[in-house]
Amino acid sequence: MHYFHLFGPVHSRRLGCSLGVDLVPFKPCSYDCIYCECGHTISEVTERCEFFPTRDVLEELSDYLSSSPPLDFITFSGSGEPTLSSAIGKVIHFIKYTFPTYRIAVLTNGSLLWRPDVRKDLLLADIVLPTLSSVFDSTFRKIHRPAPGISIGKIVAGLELFRKEYSGEIWLEIFIIPGINTDIRELEGLREAIERIGPDRVQLNTLDRPGSEDWVIPADSGELERIRSLLGLTGIEAVEPVQYKLSAGSTMTEDWRAAITAVRELLMRRPCTLEDLSSSTGISRREILKILREIQVTTPVEEKREERGIFYFCPG
Ligand code: SF4
């Protein structure tokens, strides 16, 4: 079966071996973040809709999960903000009741959690990972360039309400951009908000792949440590750089077409190095290079050199 809504499994820095579920096409989002690894938002929206027939997503999940693949998480993420999909509640419910051994994570920008229907849709997830990068409106707008009608006050209030209603874990991501949300005023504002929201974990994240804007730079480990100690709260951790587990050979190359599709699906969603692709698919780097050449016959593959190596991606 060709999977259109599933991708990976990828080796996620925060979630381990994670099967991605993408309910949103490329790329409506409620934000247009300066660090977005998927590129610029094409349409900024806050209205929810069923972008694809839910039945198709459930069929793909049934097919993929029927062989009980080992996964740490099934993760809702991908090309845009997953809670913009009005199908997300139904799909989470389906997984929980049909394949109850799998744990579900939702990567969300948190911008719609003020809506009761969005909070209700996420109640069965095991972990929700929302983002909060500043409590000041001007900084929030500079980083996330939100759709009209979204304000940081509404988002923090939504996170507080969600904490009261939801019994799963909340891992709050603070995306650190040196020079933008790293001064004392910013960090004190964030500390107060974290205390009010009460997440189970706070994860300091920073740029790991090329973002939308070339001038955005990552924080180094010393900067992340400085921020962690200035925030001065327990349960704050820096997201570790990706760890590679390269495999010598491949099982997927036995099905060459499936391997090509898997790599192309990853590159359509985020820029990846050879190591990222090898680690996610289990295919050796040498074979990944062959696959890239094959993909280039039909699909443009762009390259960008960054500190972590050459990133490949298929522009949307
Ligand atoms: S980083 Fe997430 S929230 Fe921001 S624009 Fe990209 S998909 Fe949207």
(message) Every residue in segment 246-279 that is part of a loop (DSSP other than H, G, I, E, B) and modelled with pLDDT of 50 or more, please.
(response) D255, R270, P271, T273
(request) Among residues belonging to segment 72-106 that are within 16 Å of the ligand (Cβ to nearest atom) and part of a loop (DSSP other than H, G, I, E, B), point out the one that is farthest from K164 (Cα to Cα). (result) S79
(request) Restricting attention to segment 257-275, report how many residues are touching a strand residue (DSSP E or B) at 6+ places or on another chain (Cβ under 9 Å) and without any contact (Cβ under 8 Å) to a residue 40 or more places away in the chain. (result) 4
(request) May I ask you to say which residue of T108, T83, T98, T75 is open to solvent by 40 Å² or more (accessible area, probe 1.4 Å), polar (S, T, N, Q) and within 26 Å of H11 (Cβ to Cβ)? (result) T98
(request) Kindly indicate the residue of segment 113-172 that is open to solvent by 50 Å² or more (accessible area, probe 1.4 Å) and polar (S, T, N, Q) and also farthest from P28 (Cα to Cα) among those meeting that condition. (result) S167
(request) Say whether the condition of being within 12 Å of the ligand (Cβ to nearest atom), within 13 Å of the chain's Cα centre (by Cα) and not in a loop (DSSP other than H, G, I, E, B) is met by at least one residue in segment 33-56. (result) no
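The values are calculated or read from the model by the stated rules, or taken from the named source; none is laboratory data. Keep in mind it's a predicted model, so treat the numbers as computed, not measured. Here the Cβ is made from the backbone with ideal geometry for all residues, glycine too, and neighbour counts use every protein chain on show. For the accessible areas, the whole protein counts, side chains as well, though only heavy atoms, and no ligand, DNA or RNA atoms are used. Shrake-Rupley method; radii C 1.70, N 1.55, O 1.52, S 1.80 Å.
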